[in-house]
Every structure is written in structure tokens, then in C-alpha cells.
Amino acid sequence: MDELVSLCKRRGFIFQSSEIYGGLQGLYDYGPLGVELKNNLKAAWWRAMVYERDDVEGLDAAILTHNKVLRYSGHEATFTDPLVDCRTCKSRWRADHLTEQKCPKCGGTDLTEPRPFNLMFKTTVGPVDDANSYAYLRPETAQAIFTNFRHVLDSTSRKLPFGIAQIGKAFRNEITPRNFIFRVREFEQMELEFFVAPGTDEEWHQRWVEERLDWWARQGVDPNNLQLYRVPADELAHYSKATFDVMYRFPHGVEELEGIANRTDFDLGSHTKNQAEYNLTAKVLANTDSNAKLAMQDPDTKAWQVPYVIEPSAGVDRGVLAVLNESYRVEQLDNGTERTVLGFEPHLAPIKVAVLPLKRNHDGIMAKAKEIKQTLQALGIGRMLFEDTGNIGKGYRRHDEVGTPLCVTVDFDTIEKDDTVTVRDRDTMKQQRVAVAELTDYVKDYFK
Ligand code: GAP
């Protein structure tokens, strides 16, 4: 983990947030390469969930959430972790993270009894700070999918089964944020709520577990580093009938990367008025004062029913950490040196191609390199980089370390002889001459 954290800072992937003022615990900022990696991971998820399927719509809802949404969803009452205080050094801990009844900081054994601590961040909306004007920073993106269910349904005429996908920020006031970007207070989620007819939920749950394992493998995550964990009944979230956690072998241990829950009719039922009319199977907080009917008519019987929902919910930041961990390797080379490589899958690489002019003070070489960069940029594959640091060997090493799959070097032969460039492959380190006229096809083929 230390090597990854150090590389992430040195190469501009991830920085401690507000570091110049000592940092804010549990918050990180994504730098020039981190934002590309994160965007690429999110784009891969959106492609797989929305564009490549015919049964999913997208959504991008507000982060600030009406207090009633999170009251009737059950979060005000139950979204808590058990908190203990050390009376000796005044530090605070999650009771379920302590391996013994001892403070991990000072070793003191004078700890308070665990008490529930609500993880939601509260804030006021508008200039008047009265008892009802508060809102929450959402603790999951999911709730806005449920509260917009009717709007999406009415504007798209979807029939069951269908899903609504959303990527966005979520906030939790974690008692002990830790392990770099693994457990933080502000993070992003990629969530799909897939609505199904009651009775078909268990089959869909299985299907989504398989889909999601397959997707992680396509992001370069070794299936041997993934495990499926069936959450025991007494540990299930208040809304879940069954949950499978996709566990990943992070540098600090095997922990949850994604949760795939069967939320039944709990959430739509909770936000629906006149709940008694719908034969809900989940125990919801009675008497919501929403004005919504989040139900659909059975096409055969015409009876109104509240759909069940299967929810694959993945953390973007945990995904970034997993992908970085999978990609990181240090190779011993024949000449006795070593090189560090981030062997990202091409679609995730922050920089796709680096174009390097051999000489900085050669107008012809510089102009050609810039022109090639612009041509490649226009392919729409992702970020192409023109980099005129002048030292090609060092440039290759640097691009290995940030995971750039291809480097293109423009030299004297390009200008004076045959209009070819050197294309150097990150993984094999092989170099080959490619005609400039064929370069776009070469690059398109590589990233296909
Ligand atoms: N809507 C369901 C839900 O939020 P969850 O298991 O609490 O379920 C889903 O969260 C995913 O969000 C987790 O699998 C994890 O990847 C990510 N996540 C949750 N809390 C996190 C935190 N404090 N820091 C980073 N990621 C987190």
C-alpha cells in the first residue's frame, strides 16, 4: 500500500485533501492522472450498464436530499455504526473494528459502552436555520433513483424488468476512515437499481452477481483476487433480504469492493402513499407522507404491485484502488535495472498515447509531433499527450510508471527520410517503425 500511495502522489494520481493545512482525514483529491483513471472506470461501467444493454436508463440526481427521503428510507433510524470512546486519550473507534477491548492508539482499556452514531452529514438549506430546514448529503445514490422512479417510468414507458443507473458522490461521516481511498468520508458510487417482478428477484440476483464478477475481470481484476461473500442474516442492511459482497484482495486485506443486494419492495414501498393497498412483503416505516404511487400494474392481472429491486452497488474509489493494485508491478530487467509499470487495461489508461519529439529545438520534429498528437486526439479514444521533455529513455520509463500503453517518438528519420515514427509498447517494450500515414489505424486497432 505504501508504494502505491507514494506513486499516486509522485505521479499525480491522488493527493491528501487540504494537505497544505494539514489535511482533512478521510478525504482525497484526484490529480491530473487520477481524474482520467477514475473517469475511464466510470465510463466503462456506464457503457456496460446503460449503452450495451437495452433495459437500463440513466440518472444524475441532486446530492442534497430532503430529510424525509432519508427518514422514510430508514436511514435516520438505522444508518449507524457502533462508536466507542477511549476515556484515556479521547480517541474514537468503531466498536466492530476493535479486535480486543483496548484502544489501538494508547492501549488504554477504559472504553465507553458502544453507542449508535449516525453516519449522515446534515446541513441547512436556505438562510433560515429552523428545525425543519435541514437536509442530508446523501449516504448512497440509490434513494434518488427510488424517488424519481415514477418520473423515469412516465417519461420512458418502461416495463419490468428494467433498471436505473447512476454514478455520483456519497458521503458518510465514517468514525475511522482508513486504508487510503478504501474507507473515506466522501466517495463515489456506481449504482444500478434493477426493478423486477416479485418472484423473479432471486433469479435476477444471481444473474447480476455473475454479470458484476465478469465486469470486474474485464477491468483487469484477476478473478483469483475476488471472492463472493454471502452476508449473514444478522448483518444484513435494514432493507436487504439477501446480499452478496464482492470481496477483493486489497493491499491491506480482503474487503468489500461491491455489494449486490436484493432490496425487495422495501424502498419503493417505503416512499409510496397508502402502503396497505400493495401487499408489501417488506416491513416499511408506516405512514409516509409522500404523494407518490411507486407501483406498476401487472400486465396480466392488472393488479398494482410494487416492484422488487436488485442493486449492484460499487465504490468508484475502491475500484480505482483495486485497478491500481492489479496493475502495479516492478520488473527486473536484463541490464540489472528495474522498471515500475502500471499495466492498466488500455481502456482505463489515463494517457493513451504519449507523443515524444526526439529534439526540442528542432522545428520540424516539434511541428510533426504536435500534428500527430492532434490527429490522434481527434480519434476520440481518450487523452493523448504531447510531451517535449527531450529525454526519450526517461520518457518511456515515466510512461511505464503511469501506465501509458503506447509511446510514439518523432525523430530525424520522420522528417528527413521516410515519414515513419517509432511506436513503443509499454508491456513488451518492443519498438517498431510505423508509417505516419498508418498510425491512426494502428492506434485504433490497438484500442479497439
Ligand atoms: N446503496 C447501497 C449501498 O450504499 P454499501 O455496501 O453501503 O451499499 C456500496 O455501499 C459500496 O460503496 C461499497 O461496496 C463500497 O465499494 C462503497 N463504499 C461504501 N462506503 C464507503 C466508504 N466509506 N469509502 C469508500 N467507499 C465506500
Between helix 436-447 and the chain: long-axis angle, C-alpha atoms, 0 to 90°, nearest 10: 30 degrees
Prolate/oblate/rounded label for region 245-378 (Cα gyration tensor, a/c 1.5): prolate
Theoretical gain in end-to-end length, Ala378 to Gln227 [0.36 nm per residue, Cα-Cα removed]: 50.3 nm
Estimated inter-spin distance, Thr124 and Val330, nm [label 7 Å along Cα→Cβ]: 5.3 nm
Principal-axis tilt of helix 392-402 within the chain, Cα atoms, nearest 10 degrees: 10 degrees
Chain lengthening between Asp441 and Asn361 when straightened (0.36 nm per residue, less Cα-Cα): 25.9 nm
For Ala282, net neighbour charge (Lys/Arg +1, Asp/Glu -1) across residues whose Cβ lies under 9 Å away: +1
Approximate spin-label separation Thr99-Ala61, in nm, with each point projected 7 Å along Cα-to-Cβ: 4.0 nm
Calculated [θ] (222 nm, deg cm²/dmol) that DSSP helices of n ≥ 4 give over the chain, each run adding -39,500 (n - 2.57): -8000 deg cm²/dmol
Distance between modelled label sites at Thr112 and Glu255, nm, 7 Å Cα→Cβ extension: 2.4 nm
Contour minus Cα-Cα distance for Asn274 and Ala303 (0.36 nm per residue): 8.9 nm
Rounded Å value of the spacing that divides the Cα centres of region 251-279 and region 378-430: 48 Å
Whole-Å distance, taken between Cα centres, linking region 62-121 and region 133-159: 28 Å
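Read the figures in this text as sums done on the coordinates, not as results from a lab. Being a predicted model, the structure only gives us computed values, none of them experimental. Backbone-built Cβ (ideal geometry, glycine too); neighbour counts: all protein chains shown.
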